[in-house]
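The values are calculated or read from the model by the stated rules, or taken from the named source; none is laboratory data. Remember, predicted model here, so these are calculated numbers, not experimental data. Using ideal geometry, Cβ is built from the backbone for each residue, glycine included, and neighbour counts are taken over all protein chains shown.
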Amino acid sequence: MDIHITGNTDTATFGAGCFWCVEAVFQELKGVQKVTSGYSGGTVKNPSYREVCTGRTGHAEVIQVVYDPDTISFSELLEVFWQTHDPTTLNQQGADIGTQYRSAVFYNSPEQQQLAEAYKKKLDASGAFSAPVVTEISPLVNFYPAEDYHQNYYAENGEQPYCRAVIRPKMDKFRAVFADKLKK
């Protein structure tokens, strides 16, 4: 998929379990120009999916979002991020278990760091979740795009069993909650 980036943009990087699920959510938001599935937070340079799946590279499956901050703010992206996965389970999202599935915000600036830490603290104080939020908040050091077959996965493979059983219900819930933030 060839995407043309226009105007004022910023970048956000999130890990919230399987990147196929997370990518599908963020692709539908107004102001999001591009979403790339990839790997971040580890020590191996240019890791492969097979390597990341072992849990030994230290990388998380992440998405990198290029967005127009005049249309959608980083705070709004954080709201979607925290409401579309379980940030209280350490190294796990549903049946996906391992450090590669951890909840993480890899920030690009001190402002993103402050916003993410403040939001996490607010969630814990509010009791929004029955357990503490364990989301990692770390600086973005490297981002490695995943292999081509992982990009735009749900849009191109929506009838696959995993997509129907796991991603579609998540998307239905997301669309209902965030209808006002969706692209037309």
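Points to keep in mind about this one:
- There is at least one residue in segment 21-35 that is farther than 17 Å from Lys170 by Cα, at pLDDT 95 or above, within 12 Å of the chain's Cα centre (by Cα) and crowded, with 22+ Cβ neighbours inside 10 Å.
- Condition met for Tyr162 (of a type in the set (Ser, Thr, Tyr), within 23 Å of Leu29 (Cα to Cα) and touching a residue at least 60 places away in the same chain (Cβ under 8 Å)): yes
- Checking each residue in segment 90-128 for being of a type in the set (Asp, Glu) and either over 16 Å from the mean Cα position of the chain (by Cα) or buried (at least 16 other Cβ atoms within 10 Å of the Cβ) (or both) picks out Glu111, Glu117, Asp124.
- Pairing each residue of segment 40-68 that is charged (D, E, K, R) with any residue that is surrounded by 20 or more Cβ atoms within 10 Å (Cβ to Cβ) and not in a loop (DSSP other than H, G, I, E, B), provided the two are 6+ apart or on different chains, yields C-beta distances under 7 Å for Glu61/Gly15; Glu61/Phe19; Glu61/Tyr39; Glu61/Val52; Glu61/Gln100; Glu61/Tyr101.
- The one condition from (1) within 10 Å of the chain's Cα centre (by Cα); (2) outside any strand (DSSP E or B); (3) aliphatic (A, V, I, L, M); (4) over 23 Å from Asn157 (Cβ atoms) that Val44 does not meet is (1).
- Residues located in segment 47-65, provided they are in a strand (DSSP E or B) and either surrounded by fewer than 16 Cβ atoms within 10 Å (Cβ to Cβ) or small (Gly, Ala, Ser) (or both): Ala60
- Number of residues in segment 52-89 that are out of contact with any helix residue (DSSP H, G or I) (no Cβ under 8 Å at 6 or more places or on another chain), of a type in the set (D, E, K, R) and closer than 16 Å to Ser40 by Cβ equals 1.
- Of all the criteria given as (1) surrounded by 23 or more Cβ atoms within 10 Å (Cβ to Cβ); (2) aliphatic (A, V, I, L, M); (3) closer than 23 Å to Val166 by Cα, the one not satisfied by Ala12 is (3).
Here is a yes/no grid of residues against (1) in contact with a helix residue (DSSP H, G or I) (Cβ under 9 Å, 6 or more places away or on another chain); (2) within 22 Å of Glu61 (Cβ to Cβ); (3) modelled with pLDDT under 95; (4) of a type in the set (Val, Ile, Thr):
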residue	(1), (2), (3), (4)
Asn91	yes, yes, no, no
Gly94	yes, yes, yes, no
Thr99	no, yes, no, yes
Ala128	yes, no, yes, no
Asn142	no, yes, no, no
Pro145	no, yes, no, no
Asn152	yes, yes, no, no
Phe174	yes, yes, no, no
Lys184	no, no, yes, no
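- Those residues of segment 133-184 which are β-branched (Val, Ile, Thr), outside any loop (DSSP other than H, G, I, E, B) and closer than 26 Å to Gln114 by Cα, in sequence order: Ile137, Val177
- Given (1) within 13 Å of the chain's Cα centre (by Cα); (2) part of a strand (DSSP E or B), number of the condition His85 does not satisfy: (2)
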